[in-house]
Amino acid sequence: MSSAKVESQDGRQGVDLDQILIEEVGQFGRYQIVTLLLAAFPVIFSAFASGEYIFTIARIPTRCLIPQCDGPNPEYAPSWVLNAIPGTSIDSFENCERYVNSTQGTDVSGVCPAAWFDTSRTESCQDYVYENTNTIVYDFNMACDEWRRSQIGSIRTIGTLLVLPITGYISDRWGRRVALTINAFNTGWIGLVRSFVNSYEWFLALEVIESTVGSGAYSSCYILVTELVGPKYRVIAGATMSTMFALGQVILGFIAWGVQPWRTLTQVLYVPQLLVVSYFWILSESVRWLMSKGRYEESEAILKKVAKTNKKKLSEKSLQYFRSTADADKLVEKPKEPWLPILVFRSRAILFRCVVSPIWWVTNTLVYYGMSINAVNLSGNQYLNYVAVTAIEIPGYWTAILLLDRIGRKPVLIIGYWLCAACQFAFAFMPEGNEGLSLALYLIGKYSIAMVLTSVYVYTAELYPTKYRHSLFAFSSMVGRLGSITAPLTPALALEIWTSLPSVLFGSFALLSGLLIFTTPETLGTKLPDTIEEAEQLSKKKPTTDL
């Protein structure tokens, strides 16, 4: 058996974790599978938290209250509704306007005759009748106030932007497990508190606070799982995390369909998330992170546990290297490291990746969330529409699994971005009357951006060194949130400027991102870099696969 020894630039021996995983304890054995299954629950809960607002703030069909016709318990669509409100049928009438009164008659027969209204003039509603009471639109009386309703999604996303550097710092400083449990607990208790508020302002504030201090659980799980498996299975582990997130969205759609009142729905979704606190004692810390911090005794103990669970054995040579490395680290006075941005600016390769990778992430979030938001306008059952749109992502994730380790990271990303761009441009300029073809292009576009999404997670993690991986990864993801902040505005752009503008915008970003992939190194078959020097070497190695 070959040794797991490596030598640092100062001549000291160290430990190659990838080598130990491959040759001794197992790259993807029972221990890693159990960890992945445990991590799946916080990921599913993260999907609940990220999507529940779509249902809790959903618009409720409304009509104007007609004082002379409506009784104390008004019906939403009475037989006389078209006498008082403009419309084409009893199922299709104006939500925010009514005819001006021509007389102050009082309805005594339940008919509310048309003669009581001047059908040549309309006015805005003073009060409203709601079809149901399922969302905050009813509780906070936002019937036709689209601005206050729609801004919740954009403002919440600002919180998800802020959480990433916070979570990255906690994760790289105190560990992946600490970051996971803090985020999950904050999400659970703040979401639960939000279900009891009685004002729009408090609801909005708690949405932002929750996303700011609690929406980093997914990235924590992703990093923890991908650092535990061997290089051969990183893609499978990463894509499984993405699949669990999509599965969480599908489950969310069915739960929201079955539990429609927003307060009850919020409680059903958030209470289970409080249980993730127990993961601090159930999950083991990332071995790779512990080693990057010089905590070799803890690393050795966890690797022994991994080997035992996987029915493998950690060799005496590797144990000796662990102990000698730990002893050597105790004797070496560690210099105070410069601030991370200074280290980044000193490395041309890392700096360039920090400039390019955020553009990929902006594209991912803009197209992914933009397509989801615009899909909500599809006709039919809104819950089933949501389920269908999120379910189509799963084949995209598994396509990434099949291709990333076969043809390389770069070819998959380029093909995915450019296929998405082609679908967006074709959809934008598709002549009317081709609904079937337009739908097919829409679904292929969502499928391709899902394929890109899981690939970019894997690729970005492999471009950065272990010691700063989560912080640099979080930076790219944080800047990428600009796309998800912009995405809720795309329907307004379509309405005010040009119907096809969102699709052209999505396609342009996808085309640019595909081109930028050419400028970064292939990481297929490379060792996961632990230091900035190792990460720089990726650019100097010949890619194993070319497009």
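Structure above, values below:
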item: Surface accessible to a 1.4 Å probe, residue 293 within the full protein complex, Å²; result: 80 Å²
item: q = 0.17 Å⁻¹: log10 I(q)/I(0) that the Debye formula gives for the range 175-215, counting C-alpha atoms only; result: -0.43
item: Cα principal axis extents for the range 235-283, largest first, Å; result: 38, 26, 10
item: Amide hydrogen neighbours beyond the local backbone of residue 101, cut-off 5 Å, H modeled; result: 118
item: Accessible surface ranking that places the most exposed of 287, 277 first, with a 1.4 angstrom probe; result: 277, 287
item: Whole-number accessible area per residue in Å² for the chain, which is evaluated in the context of all protein chains at 1.4 Å; result: 44 Å²
item: Accessible surface, 1.4 Å probe, highest first, among residues 348, 121, 148; result: 348, 121, 148
item: The chain: angle of helix 200-214 to the longest principal axis, Cα-based, in degrees nearest 10; result: 10 degrees
item: Accessible area of the range 111-171 belonging to carbon and sulfur atoms, whole % at 1.4 Å probe; result: 53 percent
item: Extension reserve of the residue 277-residue 316 stretch, reckoned as 0.36 nm per residue once the Cα distance is removed; result: 10.5 nm
item: Difference of contour (0.36 nm per residue) and Cα-Cα distance, residue 169 to residue 304; result: 45.8 nm
item: For the chain, Cys with no neighbouring Cys Cβ under 4.7 Å; result: 221, 354, 420, 423
item: In Hz, Karplus ³J(HN,Hα) per residue of the range 280-287 (6.51, -1.76, 1.60; θ = phi - 60°; x = Gly, Pro); result: 4, 9, 7, 7, 8, 6, 4, 4
item: Angle between the chain longest axis and helix 316-331 axis [Cα atoms, degrees, rounded to 10]; result: 90 degrees
item: The range 32-105 shape via C-alpha gyration tensor axes, a/c threshold 1.5; result: prolate
item: Distance between modelled label sites at residue 268 and residue 500, nm, 7 Å Cα→Cβ extension; result: 4.2 nm
item: Reference-scaled alpha-carbon Rg (2.2 N^0.38 Å with N residues) for the range 138-251; result: 1.26
item: Alpha-carbon Rg with Dmax, taken over the range 36-164, Å; result: 20.2, 69
item: Residue 451 accessible area, assembled protein chains, probe 1.4 Å, Å²; result: 10 Å²
item: Using alpha carbons only: equivalent-ellipsoid semi-axes of the range 462-531, gyration tensor based, whole Å; result: 34, 16, 6
item: Sites residue 158 and residue 111 - FRET efficiency at Förster radius 60 Å, r taken between beta-carbons, to 0.05; result: 0.75
item: Structure-derived mean projected area of the Cα convex hull in nm² - corresponding label in (i) 37.4; (ii) 27.7; (iii) 29.4; result: (ii)
item: Compactness of the range 128-196 as Cα Rg over 2.2 N^0.38 Å, two decimals; result: 1.54
item: Heavy-atom SASA rank of 160, 499, 62 (probe 1.4 Å, accessible area, largest first); result: 499, 160, 62
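The values are calculated or read from the model by the stated rules, or taken from the named source; none is laboratory data. Not measured: the values here are computed from a predicted model. Cβ: placed from backbone, ideal geometry, glycine included. Neighbour counts: every protein chain shown. All accessible areas refer to the heavy atoms of the entire protein, side chains included, with ligands and DNA or RNA removed. Shrake-Rupley method; radii C 1.70, N 1.55, O 1.52, S 1.80 Å.
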